[in-house]
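Asks: The structure follows.
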Amino acid sequence: MPKYVIERELEGAGDLAPEQLKEISQTSCNVLEELGPKIQWVHSYVTGNKIYCIYNAPNESKIREHAEKGGFPLTKISKVATIIDPITAE
């Protein structure tokens, strides 16, 4: 299944309290459950004013549907071409 990086602009994201992050995560999981197993949230990185999410999904439209149903901002979707890591250098 293709992997995507989703960029979400969210003012003050890095200052969100743990309870707020929990609530956002619960909303995301509830929407994912509704959408079925063809879309999977891997993890997210929270920075100052953005959240970068890693998802496995069959296509971009499924990611857009998740954002719409969850009320999440969606700034940019980038399909991952390949993954590299230190092992790639060997």
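The values are calculated or read from the model by the stated rules, or taken from the named source; none is laboratory data. Please read these numbers as outputs of a predicted model, since none were measured by experiment. When we count neighbours, we look across all protein chains shown, and the Cβ atoms used for this are built from the backbone with ideal geometry, even at glycine. All accessible areas refer to the heavy atoms of the entire protein, side chains included, with ligands and DNA or RNA removed. Shrake-Rupley method; radii C 1.70, N 1.55, O 1.52, S 1.80 Å.
Asks: Could you tell me what % of all Cα pairs in the chain have separations over 17 Å?
Replies: Everything past 17 Å amounts to 49 percent.
Asks: Work through the residues other than Tyr52 whose Cβ is under 9 Å from its Cβ and net out their charges, Lys, Arg +1 and Asp, Glu -1.
Replies: Values: positive: Arg8, Lys50; negative: Glu7.
Neighbour charge sum, excluding Tyr52 itself: +1.
Asks: Can you tell me which lysines have their Cα less than 25 Å from the Cα of Lys22? Leave out same-chain residues fewer than eight positions away.
Replies: Of all the lysines, those that pass the test against Lys22 - Cα under 25 Å, at least 8 places apart if same chain - are Lys3, Lys38, Lys50, Lys62, Lys69, Lys76.
Asks: Run the accessible area of the chain with a 1.4 Å probe and give the carbon-and-sulfur part as a rounded percent. Mind showing how you got there, number by number?
Replies: Values: 3120 of 5970 Å².
Within the chain, the accessible surface is 52 percent carbon and sulfur.
Asks: Run lengths n ≥ 4 of DSSP H only: what is the helix-derived mean residue ellipticity at 222 nm for the chain, with -39500 (n - 2.57) per run over all residues, to the nearest 500? Before the final figure, lay out the partial values.
Replies: Values: 2 runs with 29 residues, N = 90.
It comes out at -10500 deg cm²/dmol, rounded to the nearest 500.
Asks: With a/c under 1.5 counting as rounded, go ahead and sort the stretch 44-83 into rounded, prolate or oblate using the C-alpha gyration tensor (a ≥ b ≥ c being the square roots of the eigenvalues; past the cut-off, prolate if a/b is larger than b/c, else oblate).
Replies: Working: a/c = 2.18, a/b = 1.05, b/c = 2.07.
It is oblate, given that a/c is not under 1.5 and a/b is not larger than b/c.
Asks: Scan the stretch 1-87 for GluC sites (Glu not before Pro) in coil per DSSP, keeping those whose Cβ has at most 12 other Cβ atoms within 10 Å, and list them by number.
Replies: Values: sites: Glu7, Glu9, Glu11, Glu19, Glu23, Glu33, Glu34, Glu60, Glu65, Glu68; in loops: Glu11.
In loop regions of the stretch 1-87 (DSSP not H, G, I, E or B), the sparsely surrounded GluC sites (Glu not before Pro) are Glu11.
Asks: Here is a further query. Heavy-atom accessible area per residue, the chain, 1.4 Å probe: how many Å²?
Replies: Numbers: 5970 Å² over 90 residues.
Value returned for the chain: 66 Å² of accessible area per residue.
Asks: Please state the shape class of the stretch 1-43: rounded when a/c is under 1.5, otherwise prolate if a/b exceeds b/c and oblate if not, all from the C-alpha gyration tensor. Show your work: numbers first, answer last.
Replies: Details: a/c = 2.99, a/b = 1.52, b/c = 1.96.
Oblate is the answer for the stretch 1-43, as a/c is 1.5 or above yet b/c matches or exceeds a/b.
Asks: Still on this model: What aspartates and glutamates does Lys79 reach when the alpha-carbon gap must be under 15 Å and sequence neighbours fewer than 8 apart in one chain are set aside?
Replies: Counting by Cα, and skipping residues close in sequence, Lys79 has these aspartates and glutamates nearby: Glu7, Glu60.
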